[in-house]
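Written below as C-alpha cells is the structure these notes are about.
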Amino acid sequence: MHVFYTPDIQTKAELPEEEAQHCTRVLRLTTGDEITLTDGKGYFYRAEITTATNKRCLVAIKESIFQEPLWPCHLHIAMAPTKNMDRNEWFAEKATEIGFDELTFLNCRFSERKVIKTERIEKILISAIKQSLKARLPILNEMTDFDKFISRNFEGQKFIAHCYEGEKPLLRDVLQKGQNALVLIGPEGDFSEEEVAKAVQKGFTPISLGQSRLRTETAALVACHTMNLMNI
C-alpha cells in the first residue's frame, strides 16, 4: 500500500510537491490509480489520481477513514539530543513506529548538541507514520531550555530518568495506564544533579529504565516503548 502525507487534503485535493514527485516520477503511478492518503490528524483517505504530471498530482477522494486513537492518553518524550545526529533520527523513526504523541528536544547543562534543526526530523516522522500505518503525526517541538521546559504546565504523570544513586522505581511499576505521561531523558553526560533536584521540585518523579546503562536514544526508546506497551 502506497501512503502519501497530505496535511491539507480537506481543503486542497492535491499532493504536496515532494509527495507528488514520489508518486508520479518514482512510483510511476498515473491517472486512474488508487492511492491512500493521510492528513496526520487522524484520517486516512482512499483516493483516485485524476491528474498526474512530473510535479503535480491531483486526486479525487473516494472515502474518508477515521483511525481511532491507538492509545488512550498523551505520551510525551523530552530528550537531550545526542551529538551524533543519526542517533536522534533513529530514535524519531523507531519511536514513531512504536507510538507516541509528542517530542521535545532539551537543552541541558551537559548537552553536547545545543542546536538542532527540526526539518529533517519532521520528514522522518512523516515517513514513519506512513510506514507504520498511523494516521496521527507526532508533535515536534523546537529545542527548549531545561529550566523553561520543566516549568510548563503538564496535565499528567511526570518522570525524570537519571543514573544517580538512590532508590528509583522502574517506569513500568509507577506508570498509570490511561493517564498522560511525560518522561525526561538526559544527555550522554546525564542531567546535572541540580537539574534533577529542580525537576523533583516541579513534581517529576525519578525513575529507572533498568539495570543497564543506556545511550540517550536507547533510554528514550525504552521509555517510549514502556509507555506505549502499558497503554495498548
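The values are calculated or read from the model by the stated rules, or taken from the named source; none is laboratory data. Keep in mind that this is a model prediction, so the values were computed, not measured. Counting neighbours? That spans all protein chains shown, and the Cβs are built from the backbone with ideal geometry, glycine included.
Couple of notes before you dig in:
- Annotation: Val200 fulfils all but one of (1) free of Cβ contacts under 8 Å to residues at least 60 places away in the same chain; (2) surrounded by fewer than 18 Cβ atoms within 10 Å (Cβ to Cβ); (3) part of a loop (DSSP other than H, G, I, E, B); the unmet one is (3).
- Filtered residue count, the range 118-157, keeping only those that are touching a Gly at 6+ places or on another chain (Cβ under 8 Å) and either at pLDDT below 95 or closer than 21 Å to Leu214 by Cβ (or both): 0
- Checking Phe100, Phe110, Phe149 one by one, the residue that is buried (at least 21 other Cβ atoms within 10 Å of the Cβ) and assigned to a loop (DSSP other than H, G, I, E, B) is Phe100 and no other.
- Test for Leu58: is it part of a strand (DSSP E or B), surrounded by 14 or more Cβ atoms within 10 Å (Cβ to Cβ) and in contact (Cβ under 8 Å) with a residue 60 or more places away in the chain: no
- Verdict on Val115 being of a type in the set (A, V, I, L, M), out of contact with any Cys (no Cβ under 9 Å at 6 or more places or on another chain), more than 26 Å from Asn84 (Cβ to Cβ) and surrounded by fewer than 21 Cβ atoms within 10 Å (Cβ to Cβ): no
- Residue within the range 158-165 that is of a type in the set (Asp, Glu), at pLDDT 95 or above and farther than 29 Å from Tyr45 by Cα present: no
- Note on the range 129-151: residues that are within 13 Å of the chain's Cα centre (by Cα), within 18 Å of Thr82 (Cβ to Cβ) and among the hydrophobic types (A, V, I, L, M, F, W, C) total 1.
- Top-ranked residue in the range 10-50 [being of a type in the set (Ser, Thr, Tyr) and in a strand (DSSP E or B); ranked as surrounded by the fewest Cβ atoms within 10 Å (Cβ to Cβ)]: Thr50
- The numbered conditions (1) touching a helix residue (DSSP H, G or I) at 6+ places or on another chain (Cβ under 9 Å); (2) part of a helix (DSSP H, G or I) are all true for Lys130 except (1).
- Across the range 157-190, the qualifying residues are those that are of a type in the set (Gly, Ala, Ser) and assigned to a loop (DSSP other than H, G, I, E, B), and the one among them that is surrounded by the fewest Cβ atoms within 10 Å (Cβ to Cβ) is Gly166.
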